[in-house]
Amino acid sequence: MAMMAPFLKFGAFGEPASLVVAFIIGISFGFWLERAGFGSARKLVSQFYLNDLAVFKVMFTAIVTAMLGVTYLSWAGWLDLSLVYLVPTYLAPQVVGGLVLGVGFVVGGYCPGTSMAAVATGRLDGLAYVAGILAGTLAFAEAFPWVKGFYNVGPLGAVTIPGSTGLPYGVVVFAVVLMALGGFYGASLLERRFAASAGESR
Amino acid sequence: MKDRQPYMNPYLAGIGLGLTMLAAFVLVGRGLGASGAFSAALAWVLGGVAPEHARSNEFFAGYIGDGTHSPLMSWLPFEVLGMLVGAFISGLLARRVEVTTEKGPHVSVGTRLGMAFAGGGLMAFGAALARGCTSGQALTGGALLNLGSWAFMLMVFAGAYAVAYFVRWQWR
């Protein structure tokens, strides 16, 4: 039988080696984020002023690339998708958490991953952002007895869009690809429309 | 000194990021992340300076577990350490490493740092509530068609666009 993935789950290597893998994967993650310009708050927030939609383009290219990869590998029988970890769905706290995070993104200029690229390339606002992350996490932990009820509301378990809607996996994959391509086209139109206002913020 | 190099084409960088994520799925069966590393680091610090308090806190107790191994000896802290190295290499190659504060010309450094701190705080609270951030939820869950991740991702964009107008002064 061919070697099955995820390799860690099939015993190709152990937990200690997986930490080395984590470090190497992290190097690649940080490298591509910085390549894309995501160590710069100004570049990142341009997404929300519509003059540079690189955040959307990079995110959705990454999502589509990885999604097509897992879909193909799983279809070919090389990857057992049921062994790939899914964060459990709790719609209400994830909707509210997403809103709060989105506000934090545009106020602070980074998200946790991109703030690492900012710190690594010397951005002091990235460092202040990281201090904010630590304060916010501590605040959440200390407030946990009060937010716990809402945090645990509506548990749906590890569930995918195909799993919850009954749509075939391939149909959802195809829809996401179409949506991304439409989004990329729309992004190029928006950039042209809002390019003028980019100049004044320089 | 030569000038900074321009950023990479976003579609090429996106493919690089996507293949990185795919490698994580194939090798260990989990995706990328970031915010969880900060929670683990805090759990580790608090477990050292105030062990009673840390263990009695349900949020941190989840990271400390039964105490047989450090919260730092896990996937996310190692991945995030790697991110610092990888971003530094990329920045160095493109001559983009520079100690500076990104802000608009009419905003003081202190104000911008305060805004960054406030944004980081809000973001962390949101990520903790949502069980993940832009990496662990939007990117990773997005690629796996995770229901909650897609709801989360749409709301991140909604929240950011809703308030963008009011914080634009930082960049003018």
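Data for the structure
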quantity: Hits in the stretch A:61-84 (condition: without any contact (Cβ under 8 Å) to a residue 24 or more places away in the chain, at the interface with chain B (Cβ under 7 Å from one of its Cβ atoms) and surrounded by fewer than 20 Cβ atoms within 10 Å (Cβ to Cβ)); calculated: A:G69
quantity: Residues (without any contact (Cβ under 8 Å) to a residue 12 or more places away in the chain, more than 8 Å from chain A (Cβ to nearest Cβ) and not β-branched (V, I, T)) located in the stretch B:68-78; calculated: B:H69
quantity: Condition check for A:S197: in a helix (DSSP H, G or I), modelled with pLDDT under 95 and either in contact with a helix residue (DSSP H, G or I) (Cβ under 6 Å, 6 or more places away or on another chain) or among the polar types (S, T, N, Q) (or both); calculated: yes
quantity: Test: residue in the stretch B:19-38 that is more than 7 Å from chain A (Cβ to nearest Cβ) and exposed (fewer than 13 other Cβ atoms within 10 Å of the Cβ); calculated: no
quantity: Residue satisfying condition, being modelled with pLDDT of 95 or more, farther than 15 Å from A:L68 by Cα and in a helix (DSSP H, G or I), within set B:L12, B:L17, B:L32; calculated: B:L12
quantity: Residue match in the stretch B:123-142 (condition: within 11 Å of A:F105 (Cα to Cα), surrounded by fewer than 24 Cβ atoms within 10 Å (Cβ to Cβ) and hydrophobic (A, V, I, L, M, F, W, C)); calculated: no
quantity: Checking A:L50 against (1) surrounded by 18 or more Cβ atoms within 10 Å (Cβ to Cβ); (2) closer than 24 Å to B:A162 by Cα, the condition it does not meet; calculated: (1)
quantity: Search result, residues across the stretch B:1-48 that are under 25 Å from A:G183 (Cβ atoms), touching a residue at least 60 places away in the same chain (Cβ under 8 Å) and out of contact with any helix residue (DSSP H, G or I) (no Cβ under 9 Å at 6 or more places or on another chain); calculated: none
quantity: Any chance A:Y169 is touching a residue at least 24 places away in the same chain (Cβ under 8 Å) and not basic (K, R); calculated: yes
quantity: The listed residue being at pLDDT 95 or above and either more than 25 Å from B:R112 (Cβ to Cβ) or more than 7 Å from every other protein chain (Cβ to nearest Cβ) (or both), out of A:A128, A:A120, A:A143; calculated: A:A143
quantity: Total residues in the stretch A:90-121, condition of a type in the set (S, T, N, Q) and either within 15 Å of A:T137 (Cβ to Cβ) or surrounded by fewer than 23 Cβ atoms within 10 Å (Cβ to Cβ) (or both); calculated: 1
quantity: In the stretch B:65-95, residue farthest from B:Q5 (Cα to Cα) [restricted to those that are surrounded by 20 or more Cβ atoms within 10 Å (Cβ to Cβ) and touching a Lys or Arg at 6+ places or on another chain (Cβ under 7 Å)]; calculated: B:W75
quantity: Count - residues of the stretch B:117-172 that are among the β-branched types (V, I, T) and without any contact (Cβ under 8 Å) to a residue 24 or more places away in the chain; calculated: 2
quantity: All positions within the stretch A:11-38 that are in contact (Cβ under 8 Å) with a residue 12 or more places away in the chain, more than 7 Å from chain B (Cβ to nearest Cβ) and either over 30 Å from B:A164 (Cβ atoms) or assigned to a helix (DSSP H, G or I) (or both); calculated: none
quantity: Qualifying residues in the stretch B:99-109 (those that are touching a residue at least 12 places away in the same chain (Cβ under 8 Å) and surrounded by fewer than 22 Cβ atoms within 10 Å (Cβ to Cβ)) - the one nearest to A:V21 (Cα to Cα); calculated: B:T101
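The values are calculated or read from the model by the stated rules, or taken from the named source; none is laboratory data. None of the values given here were measured: they were computed from a predicted structure. Cβ sites come from the backbone with ideal geometry, for glycine too, and all protein chains shown count toward neighbours.
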